[in-house]
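First comes the structure, then the notes that go with it.
Derivation of every value follows stated rules applied to the coordinates shown; laboratory data play no part. Everything quoted here is computed from the prediction, not taken from an experiment. FYI the Cβ positions are ideal-geometry reconstructions off the backbone, even for glycines, and counts take in every protein chain you see.
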Amino acid sequence: LHFRAKLKVSDITQSDLLIGLCETDTTLLATSSAHAIAVSGDGLFFHKLDGVTTLSVSTYLDGAETHTADYGTALTTDSFTVEIDWDGSTVKYYVDNTLVSSTNASLPDGDLTLSLNYRAGAAAAVTLSLYDMRCIQLRG
């Protein structure tokens, strides 16, 4: 399985972002002013919350986080690429072709879909430009 997305955000600090693969869910990010992850099922995704300029990766199983890691490089308003690869046993997370983290424990077992949630962190308008987003699954 291979997931890839190239995107750009207009305000990296004052925004919430979640992008990756999650079970169908209409509230991936908290809709209140709490600025929190609200995934209630399974997922493999990248995220950042208001006030933070770095991405984190998370793996969720049945609504519980089973793996997390931070990508320590601060994002800018330049475009960036995120990727998730699963070879059948290990999930690997990449940002701009740099391996951020990998895990093979407590992986999702539900049906995952392309998922994107972006919210303004303040009253000013913010935009997200999505250049491409795709998921490819190969079966042997």
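Worth a mention:
- Local net charge near A122, Cβ-Cβ under 12 Å (Lys/Arg +1, Asp/Glu -1): -2
- Paired Rg and Dmax values of the chain, which use every Cα atom, in angstrom: 14.1, 49
- Cα-centre dipole for the chain with unit charges at Cβ (Lys and Arg positive, Asp and Glu negative), debye to 20: 340 debye
- Backbone phi angles across the stretch 86-103, fed through the Karplus curve with coefficients 6.51, -1.76 and 1.60 (θ = phi - 60°), yield HN-Hα couplings of 10, 9, x, 9, 10, 9, 10, 10, 10, 10, 6, 6, 9, 5, 9, 6, 8, 8 Hz in residue order; Gly and Pro are listed as x.
- For G121, the residues whose modelled amide H falls within less than 5 Å of its own, excluding neighbours fewer than 5 places apart on the same chain, are S15, D16.
- Inverse of mean 1/r across different Cα pairs in the stretch 68-140, Kirkwood, Å: 15.0 Å
- Summing +1 for each Lys or Arg and -1 for each Asp or Glu among the other residues whose beta-carbon sits under 10 angstrom from that of G43 gives -4.
- Backbone geometry of the stretch 65-74 corresponds, through the Karplus equation with coefficients 6.51, -1.76 and 1.60 at θ = phi - 60°, to 3J(HN,Hα) couplings of 6, 10, 7, 8, 7, 9, 9, x, 7, 5 Hz, x marking Gly and Pro.
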